[in-house]
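Values quoted throughout were computed directly from the atomic coordinates according to the rules given, and no laboratory measurement underlies them. Note that this is a predicted model, so its numbers are computed, not measured. Here the Cβ is made from the backbone with ideal geometry for all residues, glycine too, and neighbour counts use every protein chain on show.
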């Protein structure tokens, strides 16, 4: 029996977590002097309220080696193997801490750590791919190979409406923030070689540029797995998410399209008005 594991940045619709019995390790969000567990006792609304009242962003943190050791040890009590795929190696200490925990447990043959090279619902797509491989009779080696290849072909991108959280978090300069706000520039962020970088922009209101972003991504990554496209988003203006879903459906590319709110860790870094479309772009259907 293989147990699949991730962390709370996976941004998967709840029914997938329940259907596949995924185990989710919550990461940490700190508001003021109080720590919370992502997906357990904090919501994005609490983050928005805190930022509005104090002008300060939350702090986020991964989990330490000892936490991972306890976590994996408990999972192994109920299965033969654990396959863990969380936020990417270049984005968080979590990957290296998980690897170190497995070494200290001496469980390299029982616990496999996959570098998602991404974040948010991309991780969830990789997990689903691996779980379906196992359900189809794949061995642990087959599953690891499947998920590693899926990570190599992940299309993970976002468009950001507001840059205030990125500015306050030190990810864009004051000048860039001012110019972008003035000209209504909406940056497009994409995962490349495990890092989230700015690869382009659209100019204009978010409610219209978001469709240009979708078109540009589908053109740039034209070989998706048709079975599933996930949309990860923070708070959007009324009705926009439904329009986005309808627009992607009108392309007749994907068999299923589902959306999920980004968790509190992701929200802490991007704020309101962020939307990403995510799919595995390897053409295997």
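Between 0 and 90 degrees, the angle of helix 65-76 with respect to the longest Cα principal axis of the chain falls at about 60 degrees. For region 242-272, the residues whose backbone nitrogen is under 14 Å from a point 7 Å from the Cα of residue 211, taken along Cα to Cβ, are 242-251.
For the pair residue 78 and residue 185, the difference between a 0.36 nm per residue extended length and the Cα-Cα distance amounts to 33.5 nm. Going from the fewest other Cβ atoms within 10 Å to the most, the residues 14, 220 appear in the order 14, 220. Placing a pseudo-label 7 Å from each Cα along the Cα-to-Cβ vector at residue 192 and residue 226 gives an inter-label distance of 3.1 nm.
Peptides 153-161, 119-127, 136-144, 58-66 ordered by packing proxy, namely the average of other Cβ atoms within 10 Å per residue, highest first: 119-127, 153-161, 58-66, 136-144. Over the residues of the chain, the helix contribution to mean residue ellipticity at 222 nm works out to -12500 deg cm²/dmol, using -39500 (n - 2.57) for each DSSP H run of at least 4. Entry note, the chain: relative contact order of 22 percent, from Cα contacts under 8 Å with a spacing of 6+ residues.
Based on alpha-carbon atoms, the Kirkwood radius and the radius of gyration of region 226-285 give Rg/Rh equal to 1.01. Note on residue 100 and residue 256: the extension gain reaches 52.5 nm, defined as 0.36 nm multiplied by sequence separation minus the Cα-Cα distance.
Using the per-residue mean of other Cβ atoms lying within 10 Å as a proxy for protection, in what order, highest first, do the peptides 266-279, 92-105, 191-204 fall?
266-279, 92-105, 191-204
Eigenvalues of the alpha-carbon gyration tensor of region 1-99, scaled by 5 and square-rooted, set the equivalent ellipsoid semi-axes at 27, 15, 11 angstrom, largest first.
Principal-axis analysis of the Cα atoms of the chain puts helix 240-249 at an angle of about 70° to the longest axis. Extension gain for residue 282-residue 54 works out to 77.6 nm (0.36 nm per residue, less the C-alpha to C-alpha distance).
Sorting the segments 256-262, 6-12, 224-230 by their residues' average number of neighbouring beta-carbon atoms within 10 angstrom, most packed first, yields 6-12, 224-230, 256-262. The modelled label-to-label distance between residue 247 and residue 40, using points 7 Å beyond Cα along the C-beta direction, is 3.8 nm. Relative to one another, the C-alpha centroids of region 116-156 and region 57-101 are positioned 17 Å apart.
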